[in-house]
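Engineer: Let me begin by handing over the structure; questions about it come next.
The values are calculated or read from the model by the stated rules, or taken from the named source; none is laboratory data. Keep in mind the model is a prediction, meaning the values are calculated, not measured. Cβ coordinates were reconstructed from backbone atoms using ideal geometry, including for glycine residues, and neighbour counts include every protein chain displayed. Accessible surface is based on the protein model in full, side chains and every heavy atom, while ligands, DNA and RNA are left aside. Shrake-Rupley method; radii C 1.70, N 1.55, O 1.52, S 1.80 Å.
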Amino acid sequence: MRRVFTVLFCLIMPPISAHSDECLEHHWAKAEYMSELRFQLMLMAGIMAVMLAYKAIRLFRGTGRCG
Amino acid sequence: MSRILILAKATMLENARKQIFHVVTLLTLTVVCASVLLSFFTLGVQVKILKDLCMTSILFCGGVLAVALASTAIPGEVESRTCYPVLARPIRRYQPVLGKYFGTLLTVYIGLTVIGIAFAALLAGRHALDGLIILALGYALLEVAIIAAIAMCLSTLSTPAVAAMVSFLVFIAGSVKIGYFRPLVENVDNPVARVMAKGLYHLLPNLESFNFKDALVHHLHVPQSYLIQVVVYGICYAALALTVASSAFGKKEL
């Protein structure tokens, strides 16, 4: 609950957030942000690969919009 | 490519005439200019608060404009049937989507540039202008690009109202994703609910990574490798959202 209020506090009350120690945990220094970015990049690459494979199969089988 | 640029230019001119663009931009500009009235703090603290308040206003303005303009760009054309003469031309279905997206983005960027110039002028007046403002504003623009792409993607899959509401929720949720939702997701007991929650969690964009307000306020150094990864992430996320939007618009029966 304390974390909820702290996050909302930092989001909604910008003048005071400049002084809050809790809000000074910078995201570029946290490993979880980097790992989440990398995981999402891999996930996006996987989704794009699936979409491209689907398009390629449809094209190969000739079941496109005109087929 | 030239067709996309022509469509983008037409969309930009159309969006620049919309009331919401003028109202939101002027409101944010007023907030930024009025922040000089925070004279009851000492000068050092005043500059920090000014930077924090102005950056938050710019981010919020960008998010609202991106959602409002992008979620109505395509459905508005379909409803008013003004897309038919465009689609009757020899263009592919993804070209109007990209044209609308870049046009909407240009409009939002024009508004944010005006506000950014006012912000920079305020900081220059207090001898507090440094290169970090370009970093903070640049990544704010990239964040807005992602929100616009999500709004455009959702507008091709549902109605404009639903797209706008969900896009705005994604904007808010993405801004507090790791800080707030990660502990919640990890504490879910039910295995099925946990899988669904994790799926939604990983689909949400990590918008907090684009927020360099702290670096601007406290003059902090950000590692270059992190900056590059965030740019690559932002471009890939927007590209994926636009691919889904183009695919959905391509299959739509108009």
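Engineer: Per q in 0.08 Å⁻¹, report the Debye log10 I(q)/I(0) for chain B, using one uniform scatterer on each alpha carbon and no solvent.
Structural biologist: Here log10 of I(q) over I(0) equals -0.35.
Engineer: Quick check on chain B: helices-only [θ] at 222 nm, where DSSP H runs of length 4 and up contribute -39,500 (n - 2.57) each and the sum goes over total residues. Nearest 500, please.
Structural biologist: -26500 deg cm²/dmol
Engineer: I need the Kirkwood Rh of the stretch B:125-254: take the reciprocal of the average 1/r across all distinct C-alpha pairs and report it in angstrom.
Structural biologist: 16.5 Å
Engineer: Other chains near A:26-35: what is the mean number of their Cβ atoms within 10 Å of each residue's Cβ?
Structural biologist: 6
Engineer: Taking all protein chains in place and a 1.4 Å probe, what share, in percent, of the accessible surface of the stretch B:81-189 do carbon and sulfur account for?
Structural biologist: 71 percent
Engineer: Using only the alpha-carbon atoms, what does the stretch B:3-91 span along each of its principal axes? Please give whole angstrom values in decreasing order.
Structural biologist: Computed over the stretch B:3-91, the largest-to-smallest principal extents equal 63, 21, 16 Å.
Engineer: Next question, about the same structure. Working out 0.36 nm times the residue gap between residue B:34 and residue B:6, then minus their Cα-Cα distance, what length gain in nm do you get to one decimal?
Structural biologist: That pair, residue B:34 and residue B:6, stretches by 6.3 nm at full extension.
Engineer: Something else now. Would you mind working out the accessible area per residue for chain B, using a 1.4 Å probe, and quoting it in Å²?
Structural biologist: 46 Å²
Engineer: Sticking with this structure for a sec: Using only protein heavy atoms and a 1.4 Å probe, report how much of residue A:26 is accessible, in Å² to the nearest 10.
Structural biologist: Residue A:26 has an accessible surface of roughly 40 Å² with all protein chains in place.
Engineer: Here's something else I'd like to know. Could you compute how much accessible area chains B and A hide from each other, both sides summed, with a 1.4 Å probe? Nearest 100 Å² is fine.
Structural biologist: 3400 Å²
Engineer: Enumerate the lysines that residue A:55 could reach by cross-link, defined here as Cα to Cα under 18 Å, with residues fewer than 8 away along the same chain left out.
Structural biologist: Hits, sequence-local ones excluded: B:251, B:252.
Engineer: A further question on this structure: HN-Hα J couplings of the stretch A:46-57 from phi, Karplus 6.51/-1.76/1.60, θ = phi - 60°, integer Hz, Gly and Pro as x?
Structural biologist: With the stated coefficients, the stretch A:46-57 comes to x, 5, 5, 4, 5, 5, 5, 5, 4, 4, 5, 5 Hz.
Engineer: By accessible area of protein heavy atoms, probe 1.4 Å, what ranking do B:113, B:25 get, highest first?
Structural biologist: B:113, B:25
Engineer: Once the mean 1/r over all distinct Cα pairs of the protein assembly as shown is inverted, what Kirkwood radius in angstroms do you read off?
Structural biologist: 21.0 Å
Engineer: So which DSSP H runs in chain B come out at 27 Å plus along the axis (Cα) with average Kyte-Doolittle of at least 1.6?
Structural biologist: Answer set is B:132-157.
Engineer: Which of the pairs B:9/B:48; B:51/B:100; B:9/B:177; A:30/B:48; B:51/B:177 have their Cα atoms more than 28 Å apart in this structure?
Structural biologist: B:9/B:48; B:51/B:100; B:9/B:177
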